[in-house]
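Each reported figure results from applying straightforward, stated rules to the coordinates on display, with no laboratory input. In this text, all values refer to a predicted model and were calculated from it rather than measured experimentally. Please note: Cβ atoms are built from the backbone with ideal geometry, for glycine as well, and neighbour counts cover all protein chains shown.
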Amino acid sequence: MSQAKRTSSGTPLAGVPAASAADRLADLLRRSARGDQAAFAELYDATQARVHGLAVRVVRDPAQAEEVTQEAFLEVWRTSSRFDADKGSALSWLMTICHRKSVDRVRSAEASTRRDTTYHQQNHTIDIDTTADAAQSSMEAQRVRKAMASLTDVQREALELAYFGGYTHTEVAGILELPVGTAKTRIRDGLIRLRDKMGVGS
Amino acid sequence: MSGDIHALSGAYAVDAVDDFERAQFERHLAGCADCQAEVDSLREGAALLAETVSQQAPPDLRDRVLSTIETVRPLPPLFADVQDRARAHRRRLPAMVAAAAAFVVIGGVGATVWHPWEQPSSTGFTAAQLEQATDVQVLTKELDGGGAITVTRSPSLNSAYVSTHNMPRLQSGRTYQLWTIHDGVEVPAGLVDGDASKVLVEGDPGSAQGLAITIEKAGGVETPSTDRIVAAFDFPES
């Protein structure tokens, strides 16, 4: 029941109605769990640009981003049986894995260069449009940008620093000079508004 | 501050937590369906953010990914209800072991739900691989109430299965349930019939220090019934 609700609000792939695209990803994951490599290749083709784009955005270093993309897809393959369509969409499940891998990478020691103070001080506001050079200007991306534009400035900044910057909410509070403990509320409020504007996850 | 833990759902959903907060929040999530549902829904929205930074991966990455997966087997499924309980409930073991002697056979016809190790063969992982692991351990216990249970485990593969033989049939609405013991805390590890071959132990039997089996109501429960313990194993140090 909830599955039908979820799939009807998934992310559309180009030229494919939303519901069937989400169903297709879920189906590809299920087949992957049974060892179907062709299904996994199809899943890779359908999602690689988003997965790699996120890895590049968070990790920044192209070589490391490639490693993260590869690790993320391996994890998707290995744990595909753990995907539960009742809990959410295949895309969300997959992007959650990719995001976690990216954040783990960027927080590890060798990524310390990214965290220089110059970056903190000068670039604490991230503009999605300018950082997404290679982004496909899909209609979906435009909808997301529009939804993000509806957030308050501090909600948007906090969410972007957390999601794309890979910062913890405590670090976000420091960067935005918010009282400790309030950044997590801004992140949550921003996510709720994004979710509701996009009509997903409920 | 702990009254405030729900507020961490957003930060947790986008990995904006440190390791300590993550562990803390995951303990909270295990018992808070509202927070779990909220995290799931917030992740749906967050996943769409990647749409705005989409970027083609290099073509040769595809080849690398697809050739690597040939060497990696997909994990077998967890059963959702058991998986949830693995997160949901943790309690102390000692009372359980003390109560072992109190095991009472319950007569009647079994109508238990159990999950044999019957993954599709295409996953490529077999009980034989476990049996051939260099560090395989095979532990057997005869039960006071009749029958026997054998655990076959490989710490290095983080894998184990249980076989049961002629254990007392349970009355309708009852099942045997497995528990792995982690630092004195038991974690639900699946359901098993009284006469079953090679039932996969869920969770992380590789890092567990022991395994217990109890009689529970059909479908399994979140905390073991300490007065219905059938057997408890201590795993040898590996």
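Overall, the anisotropy analysis places segment B:179-235 in the oblate class: the square-rooted eigenvalues a ≥ b ≥ c of its C-alpha gyration tensor yield a/c not less than 1.5, with a/b not exceeding b/c. Footprinting exposure proxy ranking of B:Asp34, B:Asp144, fewest other C-beta atoms within 10 angstrom first, gives B:Asp34, B:Asp144. How would you classify segment B:2-55 from its alpha-carbon gyration tensor, with a ≥ b ≥ c the square roots of the eigenvalues: rounded for a/c under 1.5, else prolate if a/b is greater than b/c, otherwise oblate? The shape class here is prolate.
Checking every one of the GluC sites (Glu not before Pro) in segment B:1-78 against DSSP loop status and a limit of 12 other Cβ atoms within 10 Å picks out B:Glu70. Put the Cα centre of segment B:205-235 next to the Cα centre of segment A:139-193 and the gap is 44 Å.
Of the trypsin sites (Lys or Arg not before Pro) in segment B:171-232, which ones lie in a loop per DSSP and count no more than 13 other C-beta atoms within 10 Å?
Working: sites: B:Arg174, B:Lys198, B:Lys217, B:Arg228; in loops: B:Lys198.
Qualifying residues, ordered by number: none.
Would you work out the relative contact order for segment B:123-198, in percent, from Cα pairs under 8 angstrom that are 6 or more residues apart? Spell out each step's value before the answer.
Values: 124 pairs, mean separation 17.9, N = 76.
Computed value for segment B:123-198: 24 percent relative contact order.
Descending by average beta-carbon neighbour count within 10 Å, the peptides B:59-69, B:148-158 line up as B:148-158, B:59-69, the highest first.
Here the gap between A:Arg34 and A:Asp196, fully extended at 0.36 nm per residue and compared with their Cα-Cα distance, gives a gain of 54.9 nm. Could you name the lysines in cross-link range of A:Lys87, using Cα to Cα under 18 Å and dropping any fewer than eight places away on the same chain? Leaving aside lysines fewer than 8 places away in the same chain, those within reach of A:Lys87 are A:Lys5.
Modelled label positions at A:Asp86 and B:Leu66, each set 7 Å beyond Cα in the direction of Cβ, lie 3.5 nm from each other.
Give the calculated FRET efficiency between B:Lys198 and B:Glu237 to the nearest 0.05, with a Förster radius of 22 Å applied to their Cβ-Cβ distance. Result of the calculation: an efficiency of 0.35.
Need one value for A:84-95: mean number of C-beta atoms belonging to other chains within 10 Å of its residues' C-beta atoms.
Values: counts 6, 0, 2, 8, 7, 4, 1, 6, 10, 4, 2, 8.
Neighbouring Cβ atoms belonging to other protein chains average 5 per residue here.
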